[in-house]
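What follows is a set of notes on a single structure, which appears directly below.
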Amino acid sequence: RLNLREQLIKELEIIPLEVVCRNVAAGSLSQRFGLPEGQALPRSIIEFYLKDDKLGDPMVTEEHITAFNWASTQEIDDMMALTLRVNDFLTGTFGAVGITLVDFKVEFGRLWENDFARVILADEISPDSCRLWDTQTNEKLDKDRFRRDLGDVIESYTEVARRLGIMKEMPTVIQGGLH
Ligand code: TMP
């Protein structure tokens with residue numbers, strides 16, 4: 001961040017994968033394996049999905065990723081290590097304000113420096129791409145409120161921002177936008 005209005009953006013070569021990290025069973029993991037939503041997982045689980053809306057972002061394995069050259073074995077290792085670091089950081093950040101980080105999705109890109117490419121995080125992290133549950137009540141404070149038509153989307157996102165100390169009050173809503 002350069003100042004309140006500007007940030008310096010580095011151009012990356014995006015890796016066409018969505019990396020999902022899960023701590024608690026929910027969503028497609030619960031559906032796939034018949035696990036009750038809310039069941040703690042034995043350890044954090046990382047999954048890869050191909051970024052392709054037309055195909056519905058299918059899940060892929062390391063075999064597919066390396067065979068089709070979407071990323072190298074080293075890049076997969078780097079993405080997994082970075083995702084676990086993000087998970088540790090965010091679990092602590094949200095845990096401190098009474099929010100359970102159930103799962104999240106991130107994407108990565110290659111930052112080319114001469115002939116060397118470094119894998120770096122290339123995504124926003126927000127309630128749009130995380131599952132965030134109130135630790136006491138298990139109330140959903142994320143995009144599932146929208147996906148499952150539960151209402152109070154703006155209130156929930158604002159509550160997350162308020163607990164993190166990013167936003168002090170409810171924003172006013174004027175004709176279809178946040179102001
Ligand atoms: P899933 O349970 O539907 O597979 O979602 C896992 C996590 O990934 C959840 O926090 C929502 C996030 N996600 C996205 O950000 N974008 C997507 O396109 C999908 C499918 C999931």
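Descriptive notes on the structure:
- Among (1) of a type in the set (D, E, K, R); (2) closer than 30 Å to Val160 by Cβ; (3) exposed (fewer than 15 other Cβ atoms within 10 Å of the Cβ) - the single one Lys105 does not satisfy: (3)
- The C-beta contact set for segment 122-139 (first residue farther than 16 Å from Asn23 by Cα, second residue away from the ligand (no atom under 14 Å from the Cβ) and in a loop (DSSP other than H, G, I, E, B), distance under 7 angstrom, 6+ apart or interchain) comprises Ala122/Leu12; Gln136/Gly98.
- Phe48 vs. criteria without any contact (Cβ under 8 Å) to a residue 40 or more places away in the chain and crowded, with 18+ Cβ neighbours inside 10 Å: yes
- Considering (1) surrounded by 12 or more Cβ atoms within 10 Å (Cβ to Cβ); (2) more than 16 Å from the ligand (Cβ to nearest atom), the lone condition that Ile9 does not fulfil carries the number (1).
- Selected residue (criterion: surrounded by the most Cβ atoms within 10 Å (Cβ to Cβ)) from residues of segment 108-135 that are acidic (Asp, Glu) and away from the ligand (no atom under 11 Å from the Cβ): Asp134
- When Ile120, Ile76, Ile125, Ile99 are checked against the criterion of being farther than 30 Å from Glu139 by Cα and within 15 Å of the chain's Cα centre (by Cα), a single residue qualifies: Ile120.
- Restricting attention to segment 12-28 and to residues that are assigned to a loop (DSSP other than H, G, I, E, B) and in contact (Cβ under 8 Å) with a residue 60 or more places away in the chain, the residue that is nearest to the ligand (Cβ to nearest atom) turns out to be Ala26.
- Residue satisfying all of: in segment 136-169; polar (S, T, N, Q) and out of contact with any Gly (no Cβ under 8 Å at 6 or more places or on another chain); surrounded by the fewest Cβ atoms within 10 Å (Cβ to Cβ) among these: Thr137
- Note on segment 66-169: enclosed strands (runs of 3 or more DSSP E) holding 1 or more residues that are acidic (Asp, Glu) are 99-106, 108-113, 130-134.
- Members of segment 57-99 that are more than 15 Å from Arg22 (Cα to Cα) and within 16 Å of the ligand (Cβ to nearest atom): Asp57, Pro58, Val60, Thr61, Thr93
- Taken over segment 29-48, the residue count meeting the criterion of being basic (Lys, Arg) and in a helix (DSSP H, G or I) is 1.
Coordinate-derived values only; no laboratory data. Because the structure is predicted, anything quoted here is derived from the model rather than measured. Cβ sites come from the backbone with ideal geometry, for glycine too, and all protein chains shown count toward neighbours.
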